[in-house]
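S.K.: I have a structure I would like to understand better, so I am pasting it below and will then ask my questions one at a time.
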Amino acid sequence: MESVVEKLRQVGLTEYEAKAYLALLNTHLSTATKVSENSSVPRTKIYSVLETLKHKGWVRVYSGVPLLFKAVAPRAVFEKVKGDLEKFLESVQTTLKEEVNDMKEKFVIKRFDIGLEGLKQEIRKAKTVEINNATASFVKKVNDAFRQDAAVKVLMFPGEAKPDNIQNVTLKEAEVAIVTIIRNKEVPSMSIILDEGRTFTAFQDPVDHKYIVDEMLYDECSKCFSEWSNLSWNAGN
């Protein structure tokens with residue numbers, strides 16, 4: 001049960017909410033008292049927990065004395081979760097496209113265009129590396145910079161083939177393509193997060209094929225890159 005609770009926490013439930021939902025799955029209709037007994041959620045918390053599950057769309061409530069509660073079928077719940085995530089990612093993509101021309105105003109550039117070799121020097125120091133919307137060619141270019149003891153996660157650009165002979169790297173395809181417009185062409189816009197703190201953006205010039213790499217200091221959007229990454233990795237789990 002603990003592993004299931006942890007998976008439900010990854011899609012937005014608290015520990016108490018996950019335990020209450022699982023308890024309800026094992027019954028047709030149940031009172032709050034019974035849910036508390038079957039889930040080990042304290043009685044003092046159970047009504048607020050069930051009310052929150054109702055608002056999230058995981059539980060239905062039927063009037064009566066006492067109130068009766070029923071779990072929404074997992075398939076319906078996760079279709080809603082997936083739909084909500086897709087809408088969120090679509091809004092991120094729309095926002096990025098609309099604001100591409102004034103992106104520099106939303107961030108403070110710490111170091112402008114440090115180049116691919118400069119990025120690899122920083123990657124060699126990192127214990128955790130997250131690369132989002134990556135192309136296969138980019139992963140191959142930086143692969144030799146990953147430390148053997150580093151935790152490396154790569155979200156591939158949608159439709160991009162996973163690179164061969166890449167070891168000790170967790171790969172997954174991104175669900176939303178994020179692009180940058182360069183020379184009137186859309187190219188994959190990649191973000192690289194090192195040690196969960198330093199963030200770089202990279203794209204490849206479609207004409208001379210040079211990689212442009214900037215290190216960013218957060219300004220308005222303090223955690224947008226890492227939040228998008230977390231949502232993408234949790235999608236479908």
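The values are calculated or read from the model by the stated rules, or taken from the named source; none is laboratory data. Given the structure is predicted, the values throughout are model-derived calculations rather than measurements. Virtual Cβ from ideal backbone geometry, glycine too; neighbours counted across all protein chains shown.
S.K.: Against the condition more than 22 Å from GLU90 (Cβ to Cβ) and aromatic (Phe, Trp, Tyr), how does PHE203 come out, does it pass?
M.R.: Considered against the rule, which asks whether it is more than 22 Å from GLU90 (Cβ to Cβ) and aromatic (Phe, Trp, Tyr), PHE203 comes out as no.
S.K.: I need a count of the residues in the range 4-22 that are of a type in the set (A, V, I, L, M) and under 14 Å from TYR47 (Cβ atoms).
M.R.: Of the residues in the range 4-22, 1 are of a type in the set (A, V, I, L, M) and under 14 Å from TYR47 (Cβ atoms).
S.K.: Take LYS162 and decide whether it is loosely packed, with under 15 Cβ neighbours inside 10 Å, over 22 Å from LYS87 (Cα atoms) and in contact with a Leu (Cβ under 6 Å, 6 or more places away or on another chain). Break it down stepwise before answering.
M.R.: Numbers: loosely packed, with under 15 Cβ neighbours inside 10 Å: yes; over 22 Å from LYS87 (Cα atoms): yes; in contact with a Leu (Cβ under 6 Å, 6 or more places away or on another chain): yes.
Yes, satisfied.
S.K.: Okay, moving on. Can you report the number of residues in the range 127-142 which are over 16 Å from LYS172 (Cα atoms) and either more than 22 Å from the chain's Cα centre (by Cα) or buried (at least 18 other Cβ atoms within 10 Å of the Cβ) (or both)?
M.R.: Qualifying residue count for the region: 2.
S.K.: Being over 19 Å from ARG9 (Cα atoms) and of a type in the set (S, T, N, Q) is the filter; apply it to the range 32-72 and report the residue that is surrounded by the fewest Cβ atoms within 10 Å (Cβ to Cβ).
M.R.: If we take residues in the range 32-72 being over 19 Å from ARG9 (Cα atoms) and of a type in the set (S, T, N, Q), then SER63 is surrounded by the fewest Cβ atoms within 10 Å (Cβ to Cβ).
S.K.: Related question: For the range 179-200, give me the residue count where each residue is at pLDDT 90 or above, in a strand (DSSP E or B) and hydroxyl-bearing (Ser, Thr, Tyr).
M.R.: 1
S.K.: Go through (1) surrounded by fewer than 20 Cβ atoms within 10 Å (Cβ to Cβ); (2) of a type in the set (Asp, Glu); (3) at pLDDT 90 or above; (4) in contact with a helix residue (DSSP H, G or I) (Cβ under 9 Å, 6 or more places away or on another chain) one by one and return the number of the condition ASP205 breaks.
M.R.: The failed condition is (4).
S.K.: Continuing with the same structure: Just to check your reading of the model, which residue among TYR21, TYR62 is in contact with a Ser or Thr (Cβ under 9 Å, 6 or more places away or on another chain), hydroxyl-bearing (Ser, Thr, Tyr) and over 20 Å from LEU231 (Cα atoms)?
M.R.: On inspection, the qualifying residue turns out to be TYR21.
S.K.: Now a separate question. Are any of the residues in the range 165-178 exposed (fewer than 13 other Cβ atoms within 10 Å of the Cβ), touching a residue at least 12 places away in the same chain (Cβ under 8 Å), not in a loop (DSSP other than H, G, I, E, B) and not basic (Lys, Arg)?
M.R.: yes
S.K.: Give me the helices (runs of 4 or more DSSP H) completely within the range 1-98, filtered to those with at least 3 residues that are among the hydroxyl-bearing types (Ser, Thr, Tyr) and in the same structural domain as THR180 (by TED's automatic domain parsing), ordered by residue number. Give the derivation first.
M.R.: On the way: elements: 2-10, 15-25, 32-39, 43-56, 74-98.
Of the helices (runs of 4 or more DSSP H) lying wholly inside the range 1-98, those with at least 3 residues that are among the hydroxyl-bearing types (Ser, Thr, Tyr) and in the same structural domain as THR180 (by TED's automatic domain parsing) span 74-98.
S.K.: Pairs only if they're at least six apart or on different chains, beta carbon under 8 angstrom, first in the range 11-25 and on the phi > 0 side of the Ramachandran plot, second surrounded by fewer than 23 Cβ atoms within 10 Å (Cβ to Cβ); list them, first residue then second.
M.R.: GLY12/LYS56; GLY12/VAL81
S.K.: Out of the residues in the range 98-124 that are within 24 Å of the chain's Cα centre (by Cα) and over 22 Å from LYS210 (Cα atoms), which is modelled with the highest pLDDT?
M.R.: GLU98
S.K.: Among the residues of the range 23-48, which ones are within 11 Å of LYS70 (Cα to Cα) and of a type outside the set (Ser, Thr, Tyr)?
M.R.: Residues of the range 23-48 within 11 Å of LYS70 (Cα to Cα): 23-32, 35.
Listed by number, the residues that qualify are ALA23, LEU24, LEU25, ASN26, HIS28, LEU29, ALA32, VAL35.
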